[in-house]
Amino acid sequence: MPLIYLEKVAPEKNVKRFYFISDEYQTTFVRYPVTIIFGRISERATFVTKVFPTEARARRYFNRQMRIRQRYRYAVVKPPYLREKKNEKLIQLGLPLY
């Protein structure tokens, strides 16, 4: 099941948005959930979970949301926590390792 992170960044229009969509099956639900998290980058986000009775309906909703985001020019990118940061200072925890 896909977990997809999308971003739309246009500095000239002051647009910095992200969109995360997941249809990962969660054991707490009896049915098939699709989770969406969206908002401006580095601001408070909105979290929505929709639950569908069949996997086919959940997949159809997921694909529809992806088509909508493509129409609005969102790009699939790595999530911020997986990106390598430039000039990152290493913080050493505990005793030094020699």
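We did not get these values from a lab; they are worked out from the coordinates using the rules stated. Remember, it's a predicted structure, so these values are computed and weren't measured experimentally. Neighbour counts run over all protein chains shown; Cβ positions are idealised from the backbone, glycine included.
Among the residues of this structure, Phe62 does not count as one that is hydrophobic (A, V, I, L, M, F, W, C), in contact with a helix residue (DSSP H, G or I) (Cβ under 8 Å, 6 or more places away or on another chain) and over 14 Å from Lys8 (Cβ atoms).
Here is a yes/no grid of residues against (1) surrounded by 14 or more Cβ atoms within 10 Å (Cβ to Cβ); (2) touching an Asp or Glu at 6+ places or on another chain (Cβ under 9 Å); (3) in contact (Cβ under 8 Å) with a residue 60 or more places away in the chain; (4) under 17 Å from Tyr74 (Cβ atoms):
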position	(1), (2), (3), (4)
Gly39	yes, no, no, yes
Thr46	no, no, no, yes
Lys50	yes, no, no, no
Pro53	no, no, no, no
Arg57	yes, no, no, no
